[in-house]
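The values are calculated or read from the model by the stated rules, or taken from the named source; none is laboratory data. These numbers come from a predicted model, not from an experiment. Note: ideal-geometry Cβ built from the backbone for every residue, glycine included; neighbour counts use all protein chains shown.
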Amino acid sequence: MGIETKGSEIKEDRMKKILITGGAGFIGSHVVRLFVNKYPEYQIFNLDKLTYAGNLRNIEDIESNQNYSFLKADISDRGKVEELFEIHKFDFVIHLAAESHVDRSIKNPLEFLNTNIVGTVNLLDACRNSWNHENGKHLFYHVSTDEVFGSLSDQGFFIESTPYDPQSPYSASKAGSDHFVRAYGNTYGLPFVISNCSNNYGPNQFPEKLIPLFINNIKNNRPLPVYGKGDNVRDWLYVVDHARAIDMIFHGSAHGKTYNIGGFNEWKNLDLIKVLCDLMDEKLGRSKGESQNLIEFVTDRSGHDFRYAIDASMIKKELGWEPSLQFEEGLSKTIDWYLSNDEWLKEVTSGEYLNYYKNHYGAEA
Ligand code: NAD
Ligand code: TYD
């Protein structure tokens, strides 16, 4: 009897009910896949509104797993969020749902405020109201971005204690959500962790962001719109390595902590674009230099942050995480994925995408 009780306690302890938000999007789909496959004893609930960026095809390989459920909902709908917490009694949250594209935030900041700030506060309140903070069995994991730290010159790196200095409506909304998470930790004792990651790339990224947009345009022989002179710098990380970091932080971090995650992999946009063009030439059997002819310099993004660069030494030192892929290898895998998932690409670049493209770039997609 005693042994049985002990056994069921252990089982109970391992059976975590985890709400992952934004799991039909780019990074969220990789996080959901990792957790569903690696932890069959956990119950994973994927809550997503399925905006233009959310796509159930991103996770169709795991949708029939026993430990997986999908919940279609909008995090800015407070009543719906409360109702779902009441029904499912989630113990843990990994929060990725967000409006995520800087260019869209410049056109429509309010949508970023509603999802990224109001939506996050709705989730925080639902956790606050349904969790007993004393028992140590809960965690709100907030997934954020390095863009909250602002823009660097060609010197220096963002560390965990770098003061926030967001410059775009997107980064301001993410900074606001980070502040609310810390405020709930401080005021109500809500157990939380936050990670701030650099630019991700890899399979399933919506082709509005630089790398998948340019892969799609190169494939279709369309112009490559480089903002300004192409000398802005980003630090790129393969998405599966971000998902691995989230897994390690979720399981290994003390509550109340923040980790920076980055690729140790800085590229000037134009240099990256040239490497991408050359790799695409090889894969498409074009002569070297052909795709680079598609490069067109266009009007710069308003308030374009010059450089982001993460110092990810703390997560390496404390949790043993580091990127597993070299950039050229990750880029090659990414291109292969887009070239062999033509249906996915065609589906997501029809409909609303055509209007977005025309409106933003003044050209047909
Ligand atoms: P994404 O745009 O590809 O996916 C966002 C997902 O959230 C989509 O599935 C969308 O349907 C869902 N969503 C949007 N609004 C919602 C709402 N109101 N209610 C419920 N679901 C909603 O974004 P991503 O690139 O996968 O980014 C995921 C998270 O990681 C975001 O919080 C982003 O700020 C952060 N992040 C992204 C990067 C990057 O390079 N992409 C880097 C660092 C941090
Ligand atoms: P993006 O993928 O939008 O990510 P973020 O702005 O969040 O870093 O853009 C990456 C870089 O590429 C950024 O410096 C802006 C630039 N860029 C272009 O030059 N042309 C484009 O069409 C896009 C979408 C981005």
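Overview of results
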read-out	value
Filter result (of a type in the set (S, T, N, Q) and part of a helix (DSSP H, G or I)) within region 339-365	SER340, ASN355, ASN359
Matching entry among HIS251, HIS242 (being closer than 24 Å to LEU325 by Cβ, out of contact with any Ser or Thr (no Cβ under 7 Å at 6 or more places or on another chain) and free of Cβ contacts under 8 Å to residues at least 40 places away in the same chain)	HIS251
Residue in region 234-250 that is more than 25 Å from the chain's Cα centre (by Cα) and within 16 Å of ligand 2 (Cβ to nearest atom) present	no
LEU319 more than 30 Å from PHE157 (Cβ to Cβ), surrounded by 12 or more Cβ atoms within 10 Å (Cβ to Cβ) and modelled with pLDDT of 95 or more	no
Near pairs, Cβ below 6 angstrom, 6+ apart or cross-chain, from region 37-61 (within 24 Å of LYS346 (Cβ to Cβ)) to any residue that is of a type in the set (S, T, N, Q) and modelled with pLDDT of 95 or more	ASN58/SER29; ASN58/ASN204; ILE59/SER29
Pairs where the first residue, in region 135-151, is in contact (Cβ under 8 Å) with a residue 24 or more places away in the chain and within 20 Å of GLU99 (Cβ to Cβ) and the second is more than 16 Å from ligand 2 (Cβ to nearest atom) and of a type in the set (Val, Ile, Thr), C-beta under 6 Å, 6+ apart	PHE140/VAL93; TYR141/ILE94; TYR141/VAL193; HIS142/VAL181; HIS142/ILE194; SER144/ILE194; PHE149/THR162
Pick from region 119-142, criterion under 16 Å from LEU84 (Cβ atoms), in a helix (DSSP H, G or I) and not polar (S, T, N, Q), ranking: nearest to ligand 2 (Cβ to nearest atom)	GLY119
Residues within region 1-31 that are at pLDDT below 90 and in a helix (DSSP H, G or I), tallied	13
Leading residue by the ranking (nearest to ligand 1 (Cβ to nearest atom)) among those in region 91-115 that are β-branched (Val, Ile, Thr) and under 16 Å from ALA53 (Cα atoms)	THR115
Matching residues in region 267-288 - criterion: being assigned to a helix (DSSP H, G or I), away from ligand 2 (no atom under 16 Å from the Cβ) and either without any contact (Cβ under 8 Å) to a residue 24 or more places away in the chain or of a type in the set (Phe, Trp, Tyr) (or both)	ASP278, ASP281, GLU282
Top-ranked residue of region 289-312 - restricted to ones that are in contact (Cβ under 8 Å) with a residue 60 or more places away in the chain and among the polar types (S, T, N, Q), ranked as farthest from ASP336 (Cα to Cα)	SER302
Options PRO207, PRO212, PRO223: the member that is closer than 19 Å to GLU290 by Cα and within 16 Å of ligand 1 (Cβ to nearest atom)	PRO212
All positions within region 172-192 that are over 13 Å from the mean Cα position of the chain (by Cα) and within 14 Å of ligand 1 (Cβ to nearest atom)	ALA172, SER173, ALA175, GLY176, SER177, ASP178, PHE180, VAL181
Qualifying positions in region 308-322 - of a type outside the set (S, T, N, Q) and either near ligand 2 (Cβ under 9 Å from one of its atoms) or in a helix (DSSP H, G or I) (or both)	TYR308, MET314, ILE315, LYS316, LYS317, GLU318, LEU319
Residue check, THR145 of a type in the set (Ser, Thr, Tyr), within 16 Å of ligand 2 (Cβ to nearest atom) and at negative phi	yes
Hey, SER69 among the hydroxyl-bearing types (Ser, Thr, Tyr), away from ligand 1 (no atom under 16 Å from the Cβ) and either in a helix (DSSP H, G or I) or modelled with pLDDT of 95 or more (or both) or not	no
Residues being crowded, with 19+ Cβ neighbours inside 10 Å and not hydrophobic (A, V, I, L, M, F, W, C) - total across region 139-163	7
Residue selected from region 72-90 under the condition outside any helix (DSSP H, G or I) and more than 9 Å from ligand 1 (Cβ to nearest atom), by the criterion surrounded by the fewest Cβ atoms within 10 Å (Cβ to Cβ)	LYS89
Flag for ASP305 being within 16 Å of ligand 1 (Cβ to nearest atom) and either exposed (fewer than 14 other Cβ atoms within 10 Å of the Cβ) or more than 18 Å from PRO223 (Cα to Cα) (or both)	yes
